[in-house]
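One structure is given below, encoded as C-alpha cells.
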Amino acid sequence: MIRIKYFPGNTLLHRLDPRIKFLLVVFFIVVEVAFLDIRLLLLPFIASIILYISAKVPWKEVKGTWKFLLIPIVLISSINAFFTFLGMSVPHPHILAEFWVFKVTTEGIVLALAALMRFLSLAIVSMCLVNTTDPGLYAPAMAKLKVPYKGAFVVDLAMRYVPVYTEELETTMNAQMARGYQVKVKGGGFFASILNTVPLIVPVAMNAMLSIYDVADAMELRAFGAEKTRTWYRTVSFKRRDYASLAVLVCLLLVAIYLRTRFTTYWIPA
Amino acid sequence: MAVGTALYAALTIPFNVFQIPGSGGLIAVRPTVAIPMLFGFVFGPITGFVSGLIGNILSDFFSFGGFYWNWDIGNGLLGAVPGIAYFIVKRTDWTKAKTLVMAGVLAVIASVVGIGFAAMTDYIFQIGLSTLDAALAEFYSAAGTDAINGLILTPILLYAYARATAGRARRV
C-alpha cells in the first residue's frame with residue numbers, strides 16, 4: 001500500500017502547527033538561494049540535520065529512501081566537481097589534478113559541495129515536514145493560510161484517491177497479464193518500453209478521467225461550492241510554542257539577511 | 001476543475017511510485033508526463049498547470065518526502081503549455097489526425113519549456129548542480145525522455161479520451 005511516510009510521535013516538530021512547518025521549509029528555500037558562501041551554507045545544512053534528528057524518525061523506515069536519494073545526488077555532485085569544464089570558465093583556476101580533458105579544480109570542488117549541501121538541506125527539511133505532519137492536517141492548514149477551500153480540497157481529495165488508483169493499476173496489470181501482456185519488453189529499446197505502458201496507462205487513466213463526472217456529481221449533490229467558505233472536521237490552531245517558533249524564525253531571518261550582506265560572494269579557500 | 005486536478009494528482013502517484021516492471025525505471029519511461037499534458041489539452045492551461053504542480057508535489061511526498069519547488073513548477077508547465085490547444089481546438093476535432101499531431105508537438109514544446117525551467121533554475125539557484133554543463137546534461141536527458149514519452153502517449157490518450165467521452169452531453 002502506498003502511503004505518505006508519516007511517523008507519529010511526540011517531539012516538538014510533531015506538535016508544531018503545520019503552518020509553522022510550511023514556513024520553515026520556505027525559510028530554508030529562501031536561505032539556500034540567498035547564501036552563496038559555502039561557510040554560510042553549512043549553517044542551514046547542520047540545522048536541518050539537527051531538526052531531522054530531533055524528529056526521531058525511525059531510521060529503519062527511512063533508510064531505503066535515503067539510499068534512493070543519496071546515491072544519485074552524490075554521483076551528480078561528483079560529476080559537477082570532476083568531470084565538467086568549470087576550470088575553463090574561471091579566470092585563474094586552482095588545478096589540483098588533470099586527466100585527459102578533465103580538470104579537478106578547487107573551485108569545482110567547493111561549488112559542487114555547496115550545491116550538494118543546498119540539495120540535501122532542502123531534502124532534509126522537507127522530510128521533516130512530511131515525516132512529522134499528519135496528512136489529514138494539510139488541507140485544514142492550507143485553509144487557515146487563506147488558500148481558497150477548493151484548492152485545499154484538491155489536496156485532500158488527491159490523497160483520498162491515491163490508494164484507489166494504486167489498486168486499480170495493480171488490478172489492470174494483473175488483468176492484462178492474464179491476457180498475455182508482458183511487463184518486460186524483450187528488445188525494441190526505449191520506444192518499445194514506452195509503447196509497452198499503453199495497455200496500462202490508457203485503461204487506468206480513462207477510468208480515472210471518466211470517474212471525474214461521478215465524483216463531481218456526488219459533490220454537487222452535496223452542495224459543494226455553494227458557500228464561499230467551509231469548515232473542516234479537523235482544524236489547526238496556534239499554541240504558545242508556535243508563536244515562539246515563529247519569533248525564532250523571524251530572528252533567524254534577520255540574522256540570515258545580516259550574514260548575506262557581510263558574505264556577498266562565493267568563498268574559495270586560498 | 002478541482003475534482004479533475006485532484007484525480008490527476010492521485011493518478012500520478014501510483015504511476016510514479018509504483019514502478020512499472022521492465023520499464024527500465026522512471027527516468028527512461030515516465031508515462032505520467034502525458035497525463036498533465038492531456039489535462040492541459042482537454043481542460044485548459046490552468047487545470048494542466050495545477051495538475052502537474054500538485055501531482056508532482058504529492059508524488060514526491062509519497063515517494064520520498066522531498067519538496068523541490070522548481071521541479072514542481074516545471075511539471076506544472078508540462079501541463080500548462082498544451083493548454084494552448086484548449087482555446088483553438090474544438091472538442092469534435094480531437095480525433096482528427098491534425099489535432100493528434102498538434103498534441104504530440106505541444107507535448108514536445110511543453111517538455112522543453114517545463115524541464116528547461118527546472119534544469120535552469122537548478123543551475124541558477126545552484127540546487128544540486130553547480131555548473132552549466134551539468135544543468136545542460138540534466139536538461140537534455142530529462143527533456144528528451146519526457147518529450148518522447150509525451151509525443152507518443154499524449155495523442156494516444158487524447159484519442160482514447162475523445163472516443164470514451166463521445167456522445168456524453170455533460171461537461172467534458
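The values are calculated or read from the model by the stated rules, or taken from the named source; none is laboratory data. Note that the structure is a prediction, hence the values are computed from the model and not measured. Please note: Cβ atoms are built from the backbone with ideal geometry, for glycine as well, and neighbour counts cover all protein chains shown.
Would you point out the residue of the range B:84-98, among those that are in contact with a Leu (Cβ under 9 Å, 6 or more places away or on another chain) and closer than 19 Å to B:Val33 by Cα, that is surrounded by the fewest Cβ atoms within 10 Å (Cβ to Cβ)?
My answer is B:Ile84.
Among (1) buried (at least 21 other Cβ atoms within 10 Å of the Cβ); (2) at pLDDT 85 or above, where does B:Phe61 come up short?
(2)
Exactly one of these conditions fails for A:Val185: (1) in contact with a Gly (Cβ under 6 Å, 6 or more places away or on another chain); (2) of a type outside the set (Gly, Ala, Ser); (3) closer than 30 Å to A:Ala158 by Cβ. Give me its number.
Of everything listed in (1) in contact with a Gly (Cβ under 6 Å, 6 or more places away or on another chain); (2) of a type outside the set (Gly, Ala, Ser); (3) closer than 30 Å to A:Ala158 by Cβ, A:Val185 misses just condition (3).
Applying the selection to the range A:231-258, what residues are at pLDDT below 90 and either surrounded by 14 or more Cβ atoms within 10 Å (Cβ to Cβ) or touching a Leu at 6+ places or on another chain (Cβ under 7 Å) (or both)?
Across the range A:231-258, the qualifying residues are A:Trp232, A:Arg234.
Can you tell me how many residues in the range B:111-164 are of a type in the set (Val, Ile, Thr) and modelled with pLDDT of 90 or more?
So the answer is 7.
Name every residue in the range A:186-220 that is outside any helix (DSSP H, G or I) and either surrounded by fewer than 14 Cβ atoms within 10 Å (Cβ to Cβ) or among the charged types (D, E, K, R) (or both), in order of residue number.
Across the range A:186-220, the qualifying residues are A:Lys186, A:Gly187, A:Gly188.
With the requirement that a residue be among the hydrophobic types (A, V, I, L, M, F, W, C) and surrounded by fewer than 11 Cβ atoms within 10 Å (Cβ to Cβ), what does the range A:221-230 give you?
Selection gives A:Leu221, A:Ala223, A:Ala226.
Just the residues that are within 10 Å of another protein chain (Cβ to nearest Cβ) and not hydroxyl-bearing (Ser, Thr, Tyr), please, taken from the range B:33-52.
B:Ala34, B:Ile35, B:Leu38, B:Phe39, B:Val42, B:Phe43, B:Val50
Per-residue answers, yes or no, for (1) touching a residue at least 40 places away in the same chain (Cβ under 8 Å); (2) more than 28 Å from A:Leu113 (Cα to Cα); (3) polar (S, T, N, Q); (4) away from chain A (no Cβ under 14 Å):
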{"site": "B:Asp72", "(1), (2), (3), (4)": "no, no, no, no"}
{"site": "B:Ala97", "(1), (2), (3), (4)": "no, yes, no, yes"}
{"site": "B:Gly104", "(1), (2), (3), (4)": "yes, yes, no, no"}
{"site": "B:Gly114", "(1), (2), (3), (4)": "yes, no, no, yes"}
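Looking at the structure I just gave you, is A:Ile20 crowded, with 17+ Cβ neighbours inside 10 Å, closer than 28 Å to B:Ile13 by Cα and in contact with an Asp or Glu (Cβ under 6 Å, 6 or more places away or on another chain)?
Answer is yes for this residue.
Looking only at helices (runs of 4 or more DSSP H) that lie completely in the range A:102-185, which have at least 2 residues being within 11 Å of chain B (Cβ to nearest Cβ) and among the aromatic types (Phe, Trp, Tyr)?
Per the criteria, A:149-178.
Name, by its number, the condition in (1) modelled with pLDDT under 95; (2) more than 13 Å from every other protein chain (Cβ to nearest Cβ); (3) part of a helix (DSSP H, G or I) that does not hold for A:Ile46.
A:Ile46 satisfies every listed condition except (1).
Being in a helix (DSSP H, G or I) and exposed (fewer than 10 other Cβ atoms within 10 Å of the Cβ) is the requirement here; does A:Thr261 meet it?
Judged against the criteria, A:Thr261 is a match.
Search the range B:122-147 for residues being buried (at least 20 other Cβ atoms within 10 Å of the Cβ) and β-branched (Val, Ile, Thr), and hand back the single one that is farthest from the other protein chains (Cβ to nearest Cβ).
In this case the residue turns out to be B:Thr145.
Scan the range A:141-156 residue by residue and report those that are at negative phi, at pLDDT 85 or above and surrounded by fewer than 20 Cβ atoms within 10 Å (Cβ to Cβ).
If the condition is that a residue be at negative phi, at pLDDT 85 or above and surrounded by fewer than 20 Cβ atoms within 10 Å (Cβ to Cβ), then A:Lys144, A:Leu145, A:Val147, A:Pro148 are the ones that fit.
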